[in-house]
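Participant: Sharing a structure, written as structure tokens. Questions coming.
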Amino acid sequence: MSYEANEPCCGCGLEGEGMVTYHHIYTRKAYPELSEVKWNMMPVCLICHNKAHANGLVELSKKDGVFDWLISNNWVFDVFYNKWIHTKGESNE
């Protein structure tokens, strides 16, 4: 499967053919069953994708577009664990 996204980067708004791919929040290696699930595939450009891996989703979620995408896809921020967790009971597919 191609993980090229046809929607703008939710981090910076960049759009264009071949410019945006999907960042798997729950990694494909650890959670192969979630690799095709829409709520686990955040559209990001290469720069924002690298920032997500280098600095973490918590840091990237400080951008309004990323925060809005997470909330609209049923992610919640767990203050105690300082991380985003998906409610998994609902799949926004």
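Laboratory data are not the source of any read-out in this text; all were calculated from the coordinates shown. Just so we're clear, the structure is a prediction, and the values are computed from it rather than from any experiment. Cβ coordinates were reconstructed from backbone atoms using ideal geometry, including for glycine residues, and neighbour counts include every protein chain displayed.
Participant: Can you list, by residue number, the Cys in the chain that have no neighbouring cysteine C-beta under 4.7 Å?
Facilitator: Here 10, 12, 48 come out as lacking a disulfide-compatible partner, given the Cβ-Cβ threshold of under 4.7 Å.
Participant: For mean projected area of the Cα convex hull in nm², the listed values are (i) 9.1; (ii) 6.0; (iii) 5.0; which was obtained by calculation from the structure presented?
Facilitator: (ii)
Participant: Pairs on different chains or at least eight residues apart, Cα atoms closer than 16 Å: how many lysine pairs in the chain fit?
Facilitator: 6
Participant: Further question on the same structure: Taking H placed 1.01 Å from N in the peptide plane, check which residues at least 5 places from residue 83 or on another chain put their amide H under 5 Å from its amide H.
Facilitator: Those lying under 5 Å, H to H, from residue 83 are 78.
Participant: Report, in whole Å, the centroid distance computed from the Cα atoms of segment 1-28 and segment 43-60.
Facilitator: Segment 1-28 and segment 43-60 have Cα centres separated by 11 Å.
Participant: Listed highest first by mean packing, meaning other Cβ atoms within 10 Å per residue, what order do 40-53, 11-24, 72-85 come in?
Facilitator: 40-53, 11-24, 72-85
Participant: So what's the net charge close to residue 35: Lys and Arg +1, Asp and Glu -1, counting the other residues with Cβ under 12 Å from its Cβ?
Facilitator: Values: positive: 28, 29, 38; negative: 33, 36.
With Lys, Arg at +1 and Asp, Glu at -1, the neighbours total +1.
Participant: Please get the size of the charge dipole for segment 8-93, origin at its Cα centre, with Cβ charges of +1 on Lys and Arg and -1 on Asp and Glu, quoted in debye to the nearest 20. Can you show the working numbers first?
Facilitator: Numbers: 8 positive and 10 negative charges, 63 e Å.
Computed about the Cα centre, the dipole is about 300 debye.
Participant: Between residue 58 and residue 46, what is the label-point separation in nm under the 7 Å Cα-to-beta-carbon projection?
Facilitator: My value for the distance between the label points is 2.9 nm.
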